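One structure is given here, and the rest of the page talks about it.
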Amino acid sequence: MKHEDLIQKLENLETPEIELTGHKQALKMALLNSGHFKKRTIMYWAKILAPVATALLLIAVLGLSAVIEPEPQPALLGENQISRFASYEELQDFIKANAQYTAFPWRDVVLLDVSGAVKGEGFVYAPAAPDYATTNIQVAGVDEADIVKTDGKYIYLVSGNRTIIVKAYPPAQAQVLSEIELEGTAIGIFINGDRLVVFEEGPPYYPYYDDMSPPPFVRESYIGYILPETSINIKVYDVSNRENPRLQREISADGQYVSSRMIGNYTYVVINEPVYEQDDELNLPRIYSGGNETEIPATDIYYFDVSDYYYMYTTIIAINTQVDNQEPTYETILLGASSNLYVSLNNIYLTFPVWGRDVGDFGKTSIHRIHIEGAEIEPVASGEVPGMVLNQFSMDEYDGYFRVATTTREGTSRNHIYILDMALNITGSLENLAPGETIYSARFMGERGYLVTFKQVDPLFVIDLSNPRDPKELGYLKVTGYSDYLHPYDENHLIGIGKETTDEGEFAWYQGVKISLFDVSDVNNPREIDKEIIGHRGTDSPVLRNHKAFLFDKSRNLLVIPVLVAEVDQSKHPGGVPSWAYGEPVWQGAYVFHISPDAGLRLEGRITHIENLAELEQDYYYFYYPFSVTRSLYIDDVLYTISDAKIKMNNLENLDYINEVQLLY
Amino acid sequence: MANIDLSEEKELVRQAQKAPVAFAKLYDQYYPQIFGYVLRRTANLEAAQDITSETFLKALRKLWQFRWRNISFSSWLYKIATNEINQYFRKAEYKKSVSLEELQEQGFEPISSHNPESELIEAQEKLKQHQDFLEIQEKIVRLPAKYQEVIALRFFEQKQIKEIAEILGKKEGTIKSLLHRAVEKLREAD
């Protein structure tokens, strides 16, 4: 064929024009839900772009040869032993010998809970309810920072770059007392007596873009876009006068906030900072406190002998919130990019995926235990288990053992439970649960563990953990739908929050939000004693991703969750509604349930902050919307629902409106 | 292919970063083109779904960089898609970014398993009917990526040389000579 003829053939060729409407619709929903539209703050940039910037920086400093030519062999490494570097040069050599910058794992870096992570009280049941609700935490006595806190009289909350103190009780007198404006973004708070701890993340808060141009602090370089280094400020305020909070101290570090906990008077903050080389020098972590800057010397940095694609300094800072002049203590460990953390009363467990040679090829999780006690921070042990950890609820410490649930994904996915001793050696395991499925939620409660795996139907597994050498599967229950979050009701009942699904054989369509009440008193035959399904496909609740949005109180039989309700317009599907059809958002607010094993789940009522529902339908699409209820709590007999726009107060008995406080001016 | 008016597009892109409604509109506009392009490059429905997903996810993430590059939005999407396709051909297994999987774990089913089965079967059948195309496509994918790109963009996507230059970030003269050589190579392969 001649050149021209081939051109003509190509020009006249009939090419396929095919569309997959299912894919088109699903991808659209996934994109709109991907979190990009949720917050109008600079966190967007920081969270999404910082890892990119890091990667670019690595390219910049290492040169392209390092990118293309992998270091062929990592140095021979011994067991997972903890040591400190003998010198700065040793640190430098270690990084050079072990970091395999062949590809950029930033794609896989999972940043930890940012504006609120996960969840509930442990197997210690809600203490005889005081007269107000605290943040739903995982381990009793280990508080987790959140965007809303109360002390039973005041509500403290953060929104964008503001921290607001509201007089909340009695509700008739509710009003904003004061407001702290930060330069950066407020990402979480703790309240401890008269001390308010605020975590502020830099770069500067940048309210919103009306323009496509990047924020002023992003600069372009020849390799791409460089973001400023992120930093974290920990600010402690004296709020003994709630109308006039006074900044008592400020401690800062370069890097990114990973997570924090408060145990007794001490706040522990975990910060990650990438290790990079510039002009042949490695950066070292720095702490700023009371105007003094301290560079942590290489000889103070712990490391575990593991090879990784790249390294992060993970710094843990302990601050006594009550004693302003007590210097903070801190320790830095050289690790990979940690992906999850679990904190018991005495230990911080950091986990991160161990990468194989290819990006994405990670079959193992490395675990590090750091002992904490007051101001003491001491890395003590490390170990490894097969598989990946889903979130903090996949981990637990009980009676001198650490338990973890993981999923391996090579070939057929499989799920496992490992029990490790305090030296992080595996003592017992239960492997290969639910082949083909993956863990959606996990919960450890003393000598029992619960696991929800999912592919088409939801098996809830009950696992006996009483013998740390021999965990056993006791029974399981298969129902439609799955739970993203499991919360103990009492020792024999569990609450599950997730989605309903329709079984389509090979796969399943997610439907509305599902709340289940499980009876596990017969461990061999767990039962679903009641369930409630809210809305159609497209319905969502923040509880599915963040346990702090969940409010439960057993003594009050109270369960409250924020929900965005979507409904399918049946008139659009005259031939019957197909199960893949997405609904349109029609309502957002808090669902209030009465819950008990005897009466099951009963909807008591719903509370919304939206004044104009038409606006929601037209505009909402899950993006940032100041009238979305994000949290709820109670003080005495008053239910408080909180959005960025307002705090609304309703009578817990009958949900009658009492009062509200405007937060936007 | 219907195009949005340019000034409207500019406005949409400006808004798309903060307003999902605007992003959704851009998506609706360009999804068929991008999916079609990827499908015609790969002749594989599964891959076309994965790559299209990646393309739009990356586009959403990088939206803020867009105006700096000073190319049309459609060209920019084609550029991202082209990079993704090349990656797909380079690797035995196309790695989807974890972010998308994470998204799925947060409550979205795997996007590729999203189609009613009947739709997928129907699409597969439709694809098979284009025998002439599939034959030549098979030869094209054996050419180096730089030739595949220009042939597909020129003949299947019916892009102007100027647009191809924009998408591939090369000079128009370069595109012309690449195109000439690409057709030559394809002819030799015949």
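The values are calculated or read from the model by the stated rules, or taken from the named source; none is laboratory data. Since the structure is predicted, the reported quantities are computational estimates derived from the model, not experimental observations. No Cβ is skipped: glycine too gets one built from the backbone with ideal geometry, and neighbour counts run over all protein chains shown.
Summary table
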read-out: Residue that is farthest from A:Q322 (Cα to Cα) [pool: residues in the range A:168-223 that are at pLDDT 50 or above and hydroxyl-bearing (S, T, Y)]; value: A:Y205
read-out: Among residues of the range B:121-133, those that are surrounded by 14 or more Cβ atoms within 10 Å (Cβ to Cβ) and in a helix (DSSP H, G or I), counted; value: 5
read-out: Within the range A:227-286, considering residues that are in a loop (DSSP other than H, G, I, E, B), in contact (Cβ under 8 Å) with a residue 12 or more places away in the chain and of a type in the set (D, E), the one farthest from A:Y349 (Cα to Cα); value: A:E243
read-out: Subset of the range A:262-283 [in contact with an Asp or Glu (Cβ under 6 Å, 6 or more places away or on another chain) and at pLDDT 90 or above]; value: A:M262
read-out: Leading residue by the ranking (surrounded by the most Cβ atoms within 10 Å (Cβ to Cβ)) among those in the range B:144-166 that are more than 13 Å from every other protein chain (Cβ to nearest Cβ) and under 20 Å from B:A43 (Cβ atoms); value: B:E149
read-out: Cβ-Cβ under 6 Å pairs, at least 6 apart or on other chains, the range B:130-142 side within 11 Å of A:E14 (Cα to Cα), far side loosely packed, with under 15 Cβ neighbours inside 10 Å and not aliphatic (A, V, I, L, M); value: none
read-out: Test: residue in the range B:70-85 that is over 12 Å from the mean Cα position of the chain (by Cα), modelled with pLDDT of 75 or more and part of a helix (DSSP H, G or I); value: yes
read-out: So A:P585, is it at pLDDT 90 or above, assigned to a strand (DSSP E or B) and in contact with a helix residue (DSSP H, G or I) (Cβ under 8 Å, 6 or more places away or on another chain); value: no
read-out: Per-region count, the range A:11-28, residues over 18 Å from B:L127 (Cβ atoms), surrounded by fewer than 18 Cβ atoms within 10 Å (Cβ to Cβ) and within 7 Å of another protein chain (Cβ to nearest Cβ); value: 1
read-out: Count of residues meeting criterion [surrounded by 14 or more Cβ atoms within 10 Å (Cβ to Cβ), in contact (Cβ under 8 Å) with a residue 12 or more places away in the chain and of a type in the set (D, E, K, R)] in the range B:167-190; value: 3
read-out: Single match in B:F35, B:F66 (criterion: modelled with pLDDT of 90 or more and either at the interface with chain A (Cβ under 8 Å from one of its Cβ atoms) or part of a helix (DSSP H, G or I) (or both)); value: B:F35
